[in-house]
1. Output the peptides 106-113, 14-21, 80-87 sorted from most to least packed, where packing is the average of other Cβ atoms within 10 Å over each peptide's residues.
2. Just to be sure I understand, if you calculate Cα extents along the principal axes in Å for this structure, which of (1) 99, 38, 27; (2) 60, 30, 22; (3) 49, 38, 27 do you get?
3. If I stretch the segment between Asn126 and Ser23 completely, what's the gain in nm (0.36 nm per residue apart, minus their alpha carbon distance), one decimal?
4. Sorted by mean Cβ packing within 10 Å, highest first, what order do the peptides 122-134, 52-64 take?
5. Expected output is a single nm value to one decimal: the length gained when fully extending between Phe13 and Asp100, i.e. 0.36 nm times separation in residues minus the C-alpha distance. What is it?
6. In nm, what is the difference between 0.36 nm times the number of residues separating Lys119 and Glu89 and their Cα-Cα distance?
7. Which ³J(HN,Hα) values, rounded to whole Hz and listed in residue order, are derived for the stretch 36-42 from phi using the Karplus coefficients 6.51, -1.76 and 1.60 in 6.51 cos²θ - 1.76 cosθ + 1.60 with θ = phi - 60°, glycine and proline given as x?
8. Considering only protein heavy atoms and a probe of 1.4 Å, how much of the accessible area of the stretch 53-155 is carbon and sulfur, as a whole percent?
Amino acid sequence: MVFDFRFNFDHSFTLSLIIAAASITATAIHFDSTRKQRKDRIWEINKGSLIELSKALADAIDVSSKLSDREFNKMNNIPDDTCTKGSVEINKKFQKTISDSLNVYKPLLNSELISAIEKYQQSEKNIGYAFEHGEFNVFEAYDHQGSAQKDLQKVVSCFIKEVAGI
């Protein structure tokens, strides 16, 4: 006979090892499931505010780009037909969303995103100050604003990907 199963082997020890391995596997699955559920809850809680922030930011970047293009065309005597209709409302909505993010949703955001929003707000103040004191012309102000908004957008996008589990 090729297989001889008559050797002395402690089957209770083998059974104990199998049960221990199954218990370890079940515990690992449980912890992974708990971690995944937690991430899903965090995403569900943050989803509305983060999507709103991302949308308002994208709209503000678009408006800043159009306003910058319009000012560039004015400076260079280029005929301009850039439509900036609704830019005031878009910027107001963006500022409200930024304010809500810091004042309402701050406990739900990570420190990197909070820091990026605060950095953006400081950048806005610096751009306004520089413009008021003649350090920037209108084109440069819009250009710097757009750049600051794009920097914030990178951080917001990374945070959304992290929280959404993408």
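1. 106-113, 80-87, 14-21
2. (1)
3. 31.2 nm
4. Details: 122-134: 12.9, 52-64: 19.1.
So the peptides 122-134, 52-64, ranked by packing, come out 52-64, 122-134.
5. On the way: separation 87, 0.36 × 87 = 31.32 nm, distance 6.10 nm.
Gain on extension, Phe13 to Asp100, equals 25.2 nm.
6. Values: separation 30, 0.36 × 30 = 10.80 nm, distance 2.28 nm.
Result: 8.5 nm gained on full extension.
7. Karplus values, whole Hz, x for Gly and Pro: 5, 4, 5, 4, 5, 5, 4.
8. The computed percentage sits at 51.
The values are calculated or read from the model by the stated rules, or taken from the named source; none is laboratory data. Values in this document were obtained by computation on a predicted structure and should not be read as measured data. Glycine gets a Cβ as well: all are built from the backbone with ideal geometry, and neighbour counts include every protein chain shown. The accessibility values were calculated without ligands, DNA or RNA, using every heavy atom of the protein model including side chains. Shrake-Rupley method; radii C 1.70, N 1.55, O 1.52, S 1.80 Å.
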